[in-house]
1. Considering amide H positions built from the backbone, and no H for Pro or chain starts, which residues 5 or more places from LYS192, or on another chain, come under 5 Å of its amide H?
2. Hey, any idea what Rg/Rh is for region 32-313, computing Rh the Kirkwood way over Cα pairs?
3. Using alpha carbons only, how many degrees (0 to 90, rounded to 10) separate the axis of helix 3-26 from the longest principal axis of the chain?
4. Rounded to the nearest 500 deg cm²/dmol, what is the calculated helix-only ellipticity per residue at 222 nm for the chain, with -39500 (n - 2.57) per DSSP H run of length n ≥ 4?
5. Can you tell which of VAL259, ILE79, GLN303 lies farthest toward the positive end of the dipole of region 32-313, using +1 and -1 charges on the Cβ of basic and acidic side chains (Lys, Arg; Asp, Glu)?
6. For a footprinting-style exposure proxy, rank TYR178, TYR99 by other Cβ within 10 Å, fewest first.
7. What residues qualify as long-range amide H neighbours of GLN243, i.e. H under 5 Å apart, gap of 5 or more or another chain, H built at 1.01 Å from N?
8. Post the alpha-carbon centroid distance, region 165-183 to region 142-158, in whole angstrom.
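Rule-based calculations on the coordinates, nothing more; no lab input. Computed from a predicted structure; not experimentally measured. When we count neighbours, we look across all protein chains shown, and the Cβ atoms used for this are built from the backbone with ideal geometry, even at glycine.
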Amino acid sequence: MSKRILVAVSGAIFMGLMACESSSAAEQVKHRFFKAGWASGGPAIYDAEFRLEWSLADGDELSDGWVLPDNGVVFSYSIRRKEAGIIRLGPDKKQLWKYVAPDNHDNHSCQPLPGGGFLAGETATNGMWMVEIDKNGKEQRRVKVGDSTRDMNHTFRQVRKTAQGTYLAAVMNENKTYEWDAGGKLLRTFPKGAFVAIRLPNGNTLVTAAHPAADHGVVIEYDKDAKVVWEVTQADIESMGIQVSMVCGAQRLPNGNTVITNADHGKPVGTGDRVKAFEITPAKKLVWSIPGKTAKGNMGNIQILDVPGDVYTFEVLK
């Protein structure tokens, strides 16, 4: 090959690589997503440009919510000692049914389960229960996992059943995570956890610890022996230029990235300009965030809608 041809070929390769790099750099992560949460103003769906597609005004505390395969929506609600439960909307976003927790129990969960049902996590002054609701909103199974709680309104938030048939709960007023078997027997305890605990396909458990601390994880992944294998600290988040208030929900995506919510816990609540939620890589590189101006209310519960997974079979990890 002549020197002139070699130079031309090398130049073409270099320009091609540069073009690929520029194209890659120009690509921006975008997501269509669902939101709910405490002080959220109600459930809503946004497109990838942060434009509102659908919303339902609701002033209750909606700690958990999901978009279902039929395009319906389910969300938990709590108004502190008056009434709590689960509301199921159909594809037309009209209410199909409402489950009301008995005896003034509190509830902040509505995880979809195999068979079309949902999981509530009920608390009262005399106990804590995992309650499975069928697809028609009727109680199907009730498992007591504790005899008492110091503060029934700050015990469970998003409780989760695992593919192994166990129950997970991050207990807010203890900042610990517990796992029980199908009959309510305690299996193990994880050192941290205040909002949600999620069983990952590799057997690890991802928890969020709510209020930040510079030297402790606010999102932590534990192995089966409750040893930390990955964590995100307040310092990690602030190094990305994000002001942390209260870390609530999380979602582990199929590509290994993690979406973390950042609820405004200041006064007045839910009206700050903090980033609402953000996505990071396993190396803790920021790749996507929801600007504070997107909505007035919090987005403590997030579901990314443009990734694969069946919510009824533990494939959506949130």
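1. THR177
2. Taking Rg over the Kirkwood Rh, I get 0.93.
3. 20
4. Counting only the DSSP helices, I get -3000 deg cm²/dmol.
5. With unit charges placed on the Cβ atoms, the residue in question is ILE79.
6. The most exposed by this proxy come first: TYR178, TYR99.
7. Residues meeting the criterion, in which the H sits 1.01 Å from N, are VAL275.
8. 10
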